[in-house]
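Below: the structure, in structure tokens.
Bear in mind that the values in this text are calculations on the coordinates, not laboratory data. Everything numeric in this text was worked out from a predicted model, so none of it was measured. Ideal geometry is used to build each Cβ from the backbone, glycine not excepted, and the neighbour counts take in all protein chains shown.
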Amino acid sequence: MTTAAVKNKSAITLKGSSDILCDYLNYGINSILFQRGLYPSEDFQATENYGLNILMSTNNKIKEFLATTLGQLKEWLIKRTVNRVALIITNVKTLEVMERWDFTIEYEGNIEDGEAQTSDKPLKQIKNEIRDVLRQIASSVSYLPLLDCLCSFDIQIYTTNDVELPEKWALAEPANIKNAQSVKMRSFSTQIHKMDTAVTYRNED
Amino acid sequence: MSQFKFWNEINSVFSMEGPITKGPQPRYERKKNNVLSTSSSLNSSKQRSFSTSCLSISSKTPSKRVENDSGRSKTPSRTPFRKSKTPTPNKNGRTPGGDRFIPSRVNSNLDLAQYKLAQDDNSQEENGNGRNELKKAISEQLLGNQKVFSYINKAPTAPEGFQNPMRVLYSQTRTPASVKSTSRYIPQAPDRILDAPDIIDDFYLNLIDWGSNNILAAALGSQVYLWNAGTGNIEQLLSLEGNDYVCSLNWIEEGDCLAIGTTQGTVELWDCSRSKRLRIMNGHSARVGSLAWNSFVLTSGCRSGQIIHHDVRQREHILATISGHSQEVCGLTWSPDGRYLASGGNDNVVNVWPRSNDGHQSETTPLHTFVQHQAAVKALAWCPWQPHILATGGGTADRHIRIWNCNTGTCVNSIDTKSQVCSLLWAQNYKELVSGHGFANNEVAIWKYPAMTKVSELKGHTARVLHLAMSPDGSTILSAGADETLRLWKCFTKDPVRAKDKEGTVKVKPSALRQCIR
């Protein structure tokens with residue numbers, strides 16, 4: 001009994017794992033917004049996490065948007081109904097999709113355990129894995145094409161078919177990019193969720 | 001009610017007025033008028049009473065009218081225009097109301113017509129929506145059992161007129177910082193160009209060093225060459241076997257001893273006056289990309305992220321092994337007074353280590369950890385005249401030069417250089433800082449310190465400037481580019497007048513090494 005209690009102390013629950021994923025997405029998306037130059041750099045403030053300096057938006061509307069979206073995502077993550085989260089960068093004028101960041105989610109471990117599922121993976125190791133992905137995101141500017149237009153972003157969540165449409169949410173069409181090129185980043189896992197990150201962008205040629 | 005009827009009759013008379021002058025109004029026109037007058041009732045409630053009564057007067061076959069009405073609305077008022085021409089043979093005839101094309105402005109309701117036209121458009125749009133639904137259905141089929149959701153309240157877009165700041169990365173614009181004119185002349189062309197065939201184009205290595213003996217050591221692939229800057233002699237010091245290559249080299253502060261780091265993880269010491277290897281020191285598991293001397297202690301940084309202090313005098317040479325970086329250590333340098341060691345890594349971190357109290361190695365816990373850089377930090381340089389000031393430069397994703405005060409651990413200054421910072425050097429003769437840049441500008445830049453205004457840009461390299469070195473007299477800098485050339489720039493020649501004044505005051509600092517040997 002005591003060993004089980006000790007074991008559970010450091011274990012990550014399904015909810016905790018969902019929190020880790022949402023935190024990663026929050027930092028990752030902010031980092032993308034900064035690195036891809038979607039918003040003026042004055043709107044960003046450096047925050048330390050994962051042993052990195054990550055630039056986070058200070059714009060209240062963006063913060064609110066991300067908080068609501070990720071809050072909803074967390075609910076779905078706990079219910080295991082999400083397959084993918086996509087960050088879409090579109091040209092404001094032509095509404096053309098310029099770039100898409102795909103965060104694919106796989107469910108690992110004993111899914112039959114339901115909400116009681118736990119993982120023994122050390123948090124530090126997970127954070128290190130996340131740090132490596134975030135670093136790759138930050139260095140992606142060196143090969144991604146310049147977004148030479150006013151751009152906006154949107155987040156789409158791909159769920160299983162049995163999910164009810166929540167209030168203030170709408171069905172969207174998946175964004176496709178013409179002449180696309182894709183680069184896969186590292187992935188990380190909490191042993192409950194596994195997240196793959198990839199960027200798809202328009203090839204100039 | 002009766003007075004309304006009366007008014008309606010009057011009104012209907014008036015409404016007949018226009019066409020009557022041209023003869024009896026054609027039947028279709030009368031009908032048209034009826035249609036319009038009835039439908040005008042839609043617009044305002046006030047008119048309702050008499051327009052309905054108008055209907056009762058003029059239309060005798062209401063059922064037919066309705067049919068016509070629906071027929072008309074589809075072809076909005078085109079035919080009446082054309083036909084209204086025909087019954088007016090004499091053009092000089094009076095046309096009351098002044099408009100022959102619209103028979104009766106009083107009864108025709110243009111607003112309504114507009115509304116009807118717009119409605120037609122709407123119905124077309126509905127068709128379009130239907131098509132979209134079809135599309136959706138198809139895409140849903142393609143997606144399988146998936147739904148795609150997005151939040152309705154979208155994030156705001158950037159303010160109008162905002163330009164992507166990343167543009168600088170792609171468009172090769174020069175830094176906006178004004179090129180400040182200085183009183184001295186800085187030659188824009190290199191003094192000399194040396195060939196450096198097979199120099200490895202790797203950001204993480206340190207392949208060039210110019211010793212106090214005025215000999216330049218350069219690692220070209222697996223070989224190390226020595227170029228005597230005074231005589232111009234070139235000599236090959238060593239050649240590694242197999243696929244190994246030299247990853248780093250560093251001259252001892254004084255003397256002919258050169259330290260070399262290899263891909264095998266070994267550190268070799270060479271006596272260059274005799275071209276003889278003195279010893280090989282193990283300890284690292286991966287390539288040694290950075291080296292720094294502090295008196296008799298040689299500090300080496302490895303790809304694994306470890307830093308080892310070697311006491312080169314002892315048989316058991318490893319003094320300490322430090323793990324401060326999670327990725328390759330690519331920048332390593334001791335401050336001129338030997339109090340601090342700065343290390344920069346591919347993990348975007350700069351660590352400043354204090355010297356331990358009992359020797360020339362550093363403590364195993366960092367004094368400061370700077371994580372502000374967004375990319376790998378290879379360029380590190382200590383200020384020669386303020387020994388606690390450190391300059392660091394970040395890679396492509398960062399592009400900043402940051403100046404740190406290591407006594408307080410604060411960032412004193414930072415400047416966006418708009419291109420990858422590969423190396424940094426402080427000038428000895430002037431209060432200036434030199435930076436070697438990679439993508440996008442591939443240039444050497446000279447900055448005024450502490451204002452950090454750009455003094456000059458030295459262009460010529462066709463690929464990134466990987467390494468910088470300075471001659472012992474501080475007058476010349478050497479830049480090594482990935483274009484396999486070494487360029488010598490004579491940009492810090494001393495002012496002859498001022499140099500004479502200073503000569504008397506300059507004191508030669510006694511070497512720490514000599515003190516120890518004694």
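Numbers for the structure displayed
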| quantity | calculated |
| --- | --- |
| Centroid-to-centroid separation of the range B:194-237 and the range A:143-205 [C-alpha atoms, Å] | 48 Å |
| Total formal charge among the other residues, if their Cβ is under 10 angstrom from that of B:VAL297, Lys/Arg +1 and Asp/Glu -1 | +1 |
| Alpha-carbon centroids, the range A:57-99 and the range B:330-393: separation in whole Å | 40 Å |
| Ascending count of other beta-carbon atoms within 10 Å, so fewest first, for B:ILE401, B:ILE307, A:ILE62 | A:ILE62, B:ILE401, B:ILE307 |
| Efficiency of FRET between B:ILE200 and A:VAL92 - r from beta-carbon atoms, R0 51 angstrom, step 0.05 | 0.70 |
| Cβ-defined net charge surrounding B:GLY324, 11 Å radius [Lys, Arg +1; Asp, Glu -1] | -2 |
| Loop trypsin sites (Lys or Arg not before Pro), the range A:84-165, which have at most 14 other Cβ atoms in a 10 Å radius of their Cβ (DSSP) | A:LYS93 |
| Within the range B:299-395, GluC sites (Glu not before Pro) in DSSP loop having at most 16 other beta-carbon neighbours inside 10 Å | B:GLU316, B:GLU363 |
| Rel. contact order, % - alpha carbon contacts under 8 angstrom, at least six apart, the range B:319-415 | 21 percent |
| Placed amide H near B:ALA379: partners under 5 Å, 5+ positions off or other chain | B:GLY393 |
| Residues B:CYS257, A:CYS149 arranged by fewest to most Cβ contacts within 10 Å | A:CYS149, B:CYS257 |
| Label-point gap, in nm, between B:LYS116 and B:ILE318 - each point 7 angstrom along Cα→Cβ | 9.5 nm |
| Cβ-based exposure ranking for A:ILE12, B:ILE234, in which fewest neighbours within 10 Å come first | B:ILE234, A:ILE12 |
| Value of relative contact order over the range A:1-152, rounded to a whole percent, pairs C-alpha under 8 Å and six or more apart | 32 percent |
| For A:138-149, mean number of other protein chain Cβ atoms within 10 Å | 5 |
| Sum of -39500 (n - 2.57) over DSSP H runs of 4+, divided by residues of chain A (222 nm, nearest 500) | -11000 deg cm²/dmol |
| Loop-located GluC sites (Glu not before Pro) in the range B:204-295 whose Cβ has at most 11 other Cβ within 10 Å (DSSP) | B:GLU241 |
| Peptide-level mean, for A:159-165, of C-beta atoms on other protein chains within 10 Å | 3 |
| Neighbouring partner chain Cβ atoms per residue of A:76-86, average, 10 Å criterion | 1 |
| Per-q log10 I(q)/I(0), chain A, q = 0.10, 0.12, 0.17 Å⁻¹ (Debye; single scatterer per alpha-carbon; no solvent) | -0.45, -0.64, -1.24 |
